[in-house]
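In what follows, a structure is listed as C-alpha cells, so that the remarks can point back to it.
Each reported figure results from applying straightforward, stated rules to the coordinates on display, with no laboratory input. Quantities reported herein were computed from a predicted structural model and do not represent experimental measurements. All Cβ positions, glycine included, derive from the backbone under ideal geometry; neighbour counts span all protein chains shown.
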Amino acid sequence: MNKPGPLDDGEWELMRTHTVEGERMLERVGGVLGEVGQIVRSCHERWDGKGYPDGLAGEEIPLEARIVCAADAFNAMTTNRPYRKGMSIGYAVDEMRACAGTHFDPGVAAALVQVVEEDLVAYASPAPAPGTLAAA
C-alpha cells in the first residue's frame, strides 16, 4: 500500500494472497470471527467474476463481501496514497456508477451512491438555528 510506484507481477501475486491468509487467521481464532473469514476471503471478488481469489460472480459472492468491496473501493478512491492523490467524491461516485454490474453489485453500488449523495446534501444544508425543534 505504501509503495510509491506500481507493483510488479510478483508483488501483485503476493498481494492477492491477503484475502486467503486473512480467512485462515480468522478460522484459527474461531467463533464469530471464524465465520467472518468467508467475507474477508471474498471481498475482492467482482460481480463479473474477474476478481480473486476464487473468481466468484454475482450472487455467489456473499452479500457482506459485496458491501465491503464497494465500501473499500470508494475509500481507496477518495483517500490519498503514496502513488496518487485521492479522487474527489464526485469522481468516485461516477466511478461507482460506471463499474456497477462489472466490478460491483449494481444494487450495492446504487445504495452506496445514494448514501453518499444524501450525506452531501445534508452537509450542504444550513444548520438549524439553536433552540429550534430541528436542532433537538
Per-residue ellipticity at 222 nm for the chain, helices alone: DSSP H runs ≥ 4 residues times -39500 (n - 2.57), over residue total, nearest 500 deg cm²/dmol?
-18000 deg cm²/dmol
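Give the relative contact order (percent, whole number) for the chain; include only Cα pairs under 8 Å separated by 6+ residues.
On the way: 149 pairs, mean separation 24.5, N = 136.
Over the chain, the number comes to 18 percent.
Summing Lys, Arg as +1 and Asp, Glu as -1, what charge do residues with Cβ under 15 Å from the Cβ of Asp9 carry, Asp9 excluded? Provide the component values of the computation, followed by the final result.
Details: positive: Lys3, Arg16; negative: Asp8, Glu11, Glu13.
Net local charge, Asp9 excluded: -1.
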Give, rounded to the nearest 20 debye, the magnitude of the charge dipole that segment 9-124 has about its Cα centre when Lys and Arg contribute +1 at Cβ and Asp and Glu contribute -1 at Cβ.
320 debye
When Lys and Arg each count +1 and Asp and Glu each count -1, what net charge do the other residues less than 13 Å away from Ala57, Cβ to Cβ, add up to?
-3
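May I ask you to compute the full-extension gain from Asp9 to Ala76, defined as 0.36 nm times their residue separation minus their alpha-carbon distance, rounded to one decimal in nm?
Details: separation 67, 0.36 × 67 = 24.12 nm, distance 2.08 nm.
Between Asp9 and Ala76, full extension yields 22.0 nm more.
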For Cα extents along the principal axes in Å, the choices are [x] 56, 39, 28; [y] 46, 42, 22; [z] 49, 33, 27; which was calculated from the structure?
[x]
Taking only C-alpha pairs under 8 Å that are 6+ residues apart, what is the relative contact order of segment 71-122 in percent?
25 percent
Net charge near Arg46, counting Lys/Arg +1 and Asp/Glu -1 over other residues with Cβ under 15 Å of its Cβ?
-4
Can you tell me which of Ala70, Ala100, Ala109 moves the most in a GNM of the chain? Springs connect C-alpha atoms under 10 Å apart.
Ala100
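Below 8 Å, C-alpha to C-alpha, sequence gap of six or more: please give me the relative contact order for segment 22-72 in percent.
Details: 71 pairs, mean separation 13.5, N = 51.
Reported as a whole number, the value is 26 percent.
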Say each of Glu64 and Val29 gets a label point 7 Å from the Cα, pointing the same way as Cα to Cβ; how far apart are those two points in nm?
1.1 nm
Spin-label pair Glu21/Ala124, simplified geometry with 7 Å Cα→Cβ offset, distance in nm
4.3 nm
Report the residue, chosen from Pro62, Pro126, Pro82, that carries the largest GNM mean-square fluctuation when the chain is represented by alpha-carbon nodes joined by springs under 10 Å.
Pro126
